[in-house]
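Notes for the one structure printed next.
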Amino acid sequence: MAKAREGNADGRGTEAPLERAERDLVALGILVAAIFLFIGTGSTVLTGIVRSWVYGVGSPDVLLANALILNIALLIFGWRRYVELNQEIAERRRAEETAQRLAQTDALTGCLNRRSLDAALAGLVDSAEETGEQVVVFMVDLDKFKRSNDLHGHQVGDAVLIETARRLEALLPERALVARLGGDEFICCAVYAPGSEAKIELLALRINEALAVPIVTGGLRAEVTASIGVAIGARGSVHKADHVARELLHRADLAMYQAKRRGRNRFAWFEPSMEKELRFRGELEQGIRDGLPCGEFMPYYEKQIDLETGEITGFEMLARWKSPRYGLISPEIFIPVAEEIGLIAELSEALITMALEDAKAWDPRLTLAVNISPLQLRDPWFAQRLLKLLVAANFPPTRLEIEITETCLHENIGVVRSLIASLKNQGIRISLDDFGTGYSSLAQLRTLPFDRIKIDRSFVSSLGSSADSASIVEAISSLGRGMALPITAEGIETSEVLDALRQYGQFKGQGYLYGQPASSEEVIRDLAAQGLLNPDRAATLAPDGPSDESTSARCA
């Protein structure tokens, strides 16, 4: 744009600023000189001309007359250049104002941008300090905006961002700022009197409610929500305003991530403990990155039992992290972190590779069940990569069972349907995990070729004490019989739950009643005692299983 503005039609715009200024000064000097010359010679020459024309007396001096004509020409030229110069100055001012506005605002929404936010927020902090008030910062992050953007297109995504900015500006009080940090993140800053926490929370709730209202544009309906982090500045801070502003933004950001972890579509206040959580999370992220090549992640196995005969039918693989710093870490802690930092596929495939090798030592009748992350189901090449792992391990696909959580069905039903079909064509069986916790419809169960459904442990573990859980388990068991789908019940922890479960039909079951999840070495010893090892592999297994020396060597 700068080049287009400099290239004027007369070619003058290509000059350097210094040359242009020198030329303008020369033109202005000519105009001033012409004015003085006109004053000096004009009266004399004009008087002679008038006398000659009116009275016919004498004749004007030709040289002076020519000088006067040249003087008038110089005056016209100088005045024209003066007008052009004023126009150029006005044009430059407008261009500078436009450039400054573009540098300080977001081009799409018209809000402040990241570059101008710091100074604006520091000014607001100074202003609040002078009046004895406090600045409140709301970090607003749109939930699942990327999914909506991918589904409806970028034009709808832009419309969502513009409407979000409009709604935020409409809700905020006076002396407030709205900025877009980029992507789907917005910052709202407002000034409140001390003790206004209730008003602040009310505003946060109103923002949540306003942004949850669907946005209809171009015949498409976009639905997003917002996670909001709230931080309030302390009065009488000894730090400068710019330091306070940066600290407020940092705290609001931490609180926003806490709101996301609590379920999204809500707000959370900043708490000092969040700093420790952030440091711990950073350590976890680095630990995952370092631990993957060192073999710190390993599969553990939970027994799956035929409740009618009491025999082992297979195992479900569960991920465990044997951290040298924190010890044995549960997947509920590190799996979400691995998903967020983009390492879940690498981690899952490494664990599946180890589990396939372990399961080759079991009796060929025993199956291996593996959970798959929803993020992996978005990968259209997942089925091919899984098949490659099976071929490399020389493991029969018919012994493998992939477990897909119910919530995955709502991410992208088309991709999930294609993935399930690809896996089943290879002989792999598919289970619908955590059934009853999501929003699966009967149509989805009918159209998606699942081989098994698993009742979520929350219903099974409370079976003896909750009438609602009993009704849900009974309904799911009836559904399974009607659709010829076998059922696995998770979370069998007591004999009372087992007895209650048997009333509703035939199940496979798993839970702590049959033992805690065990390492590969413990499983081998248990199966050896029951005569359930693969005869072709049993002779090659060490009595105490593999050692950790190789892992230690890799990490040394």
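The values are calculated or read from the model by the stated rules, or taken from the named source; none is laboratory data. Everything quoted here is computed from the prediction, not taken from an experiment. Backbone-built Cβ (ideal geometry, glycine too); neighbour counts: all protein chains shown. All accessible areas refer to the heavy atoms of the entire protein, side chains included, with ligands and DNA or RNA removed. Shrake-Rupley method; radii C 1.70, N 1.55, O 1.52, S 1.80 Å.
Within segment 99-214, which strands (runs of 3 or more DSSP E) (wholly inside it) include 3 or more residues that are closer than 17 Å to Gly229 by Cα and in contact with a Ser or Thr (Cβ under 9 Å, 6 or more places away or on another chain)? Can you show your working first?
Details: elements: 134-143, 177-182, 185-192.
Ranges flagged: 134-143, 177-182.
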Open item on the list: Being open to solvent by less than 70 Å² (accessible area, probe 1.4 Å) and either part of a helix (DSSP H, G or I) or at pLDDT below 70 (or both) is the requirement here; does Glu91 meet it?
Closed with: no
TODO: Taking Leu318 as the residue in question, decide whether it is part of a strand (DSSP E or B) and touching a Lys or Arg at 6+ places or on another chain (Cβ under 7 Å).
DONE: no
Task: Residue in segment 261-279 that is farthest from Ile341 (Cα to Cα), counting only those that are more than 17 Å from the chain's Cα centre (by Cα) and open to solvent by 90 Å² or more (accessible area, probe 1.4 Å) - done: Pro272
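Would you check if Ala467 is open to solvent by 50 Å² or more (accessible area, probe 1.4 Å) and modelled with pLDDT under 90? Give the steps one after another, and end with the answer.
Numbers: open to solvent by 50 Å² or more (accessible area, probe 1.4 Å): yes; modelled with pLDDT under 90: yes.
Yes; evaluated as a whole, the condition is true for this residue.
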Open item on the list: For the list (1) surrounded by 14 or more Cβ atoms within 10 Å (Cβ to Cβ); (2) at pLDDT 85 or above, I need the number of the one condition that His154 fails.
Closed with: (1)
TODO: Check Thr109 against each of (1) under 25 Å from Asn265 (Cα atoms); (2) of a type in the set (S, T, N, Q); (3) open to solvent by 30 Å² or more (accessible area, probe 1.4 Å) and name the one condition it does not meet.
DONE: (3)
TODO: Kindly list, by first and then second residue, each pair from a residue in segment 302-319 that is within 10 Å of Leu366 (Cα to Cα) and open to solvent by less than 10 Å² (accessible area, probe 1.4 Å) to a residue that is of a type in the set (Phe, Trp, Tyr) and modelled with pLDDT under 95, limited to pairs with Cβ atoms under 9 Å and residues at least 6 apart or on different chains.
DONE: Gln304/Tyr514
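Give the residue that is least open to solvent (accessible area, probe 1.4 Å), with candidates limited to residues of segment 364-401 that are among the aromatic types (Phe, Trp, Tyr) and within 25 Å of Ile413 (Cα to Cα).
Here is the first cut: in segment 364-401, the ones among the aromatic types (Phe, Trp, Tyr) are 381-382, 395.
Subset that is within 25 Å of Ile413 (Cα to Cα): 381-382.
Values: Trp381: 161, Phe382: 6 Å².
Once the filter is applied, the top-ranked residue is Phe382.
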TODO: Among residues belonging to segment 176-220 that are more than 22 Å from Asp118 (Cβ to Cβ) and basic (Lys, Arg), point out the one that is least open to solvent (accessible area, probe 1.4 Å).
DONE: Arg206
TODO: From (1) in contact with a strand residue (DSSP E or B) (Cβ under 9 Å, 6 or more places away or on another chain); (2) in contact (Cβ under 8 Å) with a residue 40 or more places away in the chain; (3) open to solvent by 70 Å² or more (accessible area, probe 1.4 Å), pick out the condition that doesn't hold for Phe138.
DONE: (3)
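Please specify each residue of segment 403-427 satisfying the condition of being buried (at least 19 other Cβ atoms within 10 Å of the Cβ) and either assigned to a helix (DSSP H, G or I) or modelled with pLDDT of 95 or more (or both).
Glu406, Cys408, Leu409, Val416, Leu419, Ile420, Leu423
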Open item on the list: Given the criterion without any contact (Cβ under 8 Å) to a residue 60 or more places away in the chain and touching a Pro at 6+ places or on another chain (Cβ under 8 Å), identify the matching residue among Arg281, Arg221, Arg262, Arg266.
Closed with: Arg221
TODO: Please list, ordered by first then second residue, the pairs with beta carbon atoms under 6 Å, 6 or more apart or interchain, first in segment 503-532 and acidic (Asp, Glu), second modelled with pLDDT under 95 and surrounded by 15 or more Cβ atoms within 10 Å (Cβ to Cβ).
DONE: Glu521/Gly545
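Please tell me if Met354 is in a helix (DSSP H, G or I) and not β-branched (Val, Ile, Thr). Reasoning before the result, please.
Details: in a helix (DSSP H, G or I): yes; not β-branched (Val, Ile, Thr): yes.
So Met354 fits the description; yes.
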TODO: Of all residues in segment 346-363, count the ones that are without any contact (Cβ under 8 Å) to a residue 40 or more places away in the chain and surrounded by fewer than 21 Cβ atoms within 10 Å (Cβ to Cβ).
DONE: 1
Open item on the list: Checking the conditions here, which among Thr494, Thr488, Thr447 is under 29 Å from Asn425 (Cβ atoms) and either more than 36 Å from the chain's Cα centre (by Cα) or open to solvent by 10 Å² or more (accessible area, probe 1.4 Å) (or both)?
Closed with: Thr447
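How many residues does segment 320-335 contain that are without any contact (Cβ under 8 Å) to a residue 12 or more places away in the chain and out of contact with any Ser or Thr (no Cβ under 8 Å at 6 or more places or on another chain)? Can you show your working first?
Taking segment 320-335 first, the residues without any contact (Cβ under 8 Å) to a residue 12 or more places away in the chain are 327-330, 332.
Those left that are additionally out of contact with any Ser or Thr (no Cβ under 8 Å at 6 or more places or on another chain): 327-328, 330, 332.
Residues flagged as without any contact (Cβ under 8 Å) to a residue 12 or more places away in the chain and out of contact with any Ser or Thr (no Cβ under 8 Å at 6 or more places or on another chain) within segment 320-335 amount to 4.
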Open item on the list: On the basis of being among the hydrophobic types (A, V, I, L, M, F, W, C) and under 30 Å from Glu401 (Cβ atoms), does Leu278 make the cut?
Closed with: no
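Residues checked against (1) outside any helix (DSSP H, G or I); (2) crowded, with 16+ Cβ neighbours inside 10 Å; (3) at pLDDT 95 or above:
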| site | (1), (2), (3) |
| --- | --- |
| Lys454 | yes, yes, no |
| Val473 | no, yes, no |
| Ser478 | no, no, no |
| Arg481 | no, no, no |
| Ala484 | yes, no, no |
| Asp499 | no, no, no |
| Leu541 | yes, yes, no |
- [ ] List the number of the failed condition for Arg147; all other conditions in (1) surrounded by fewer than 18 Cβ atoms within 10 Å (Cβ to Cβ); (2) in contact with a strand residue (DSSP E or B) (Cβ under 8 Å, 6 or more places away or on another chain); (3) within 26 Å of Asn265 (Cβ to Cβ) hold.
- [x] (2)
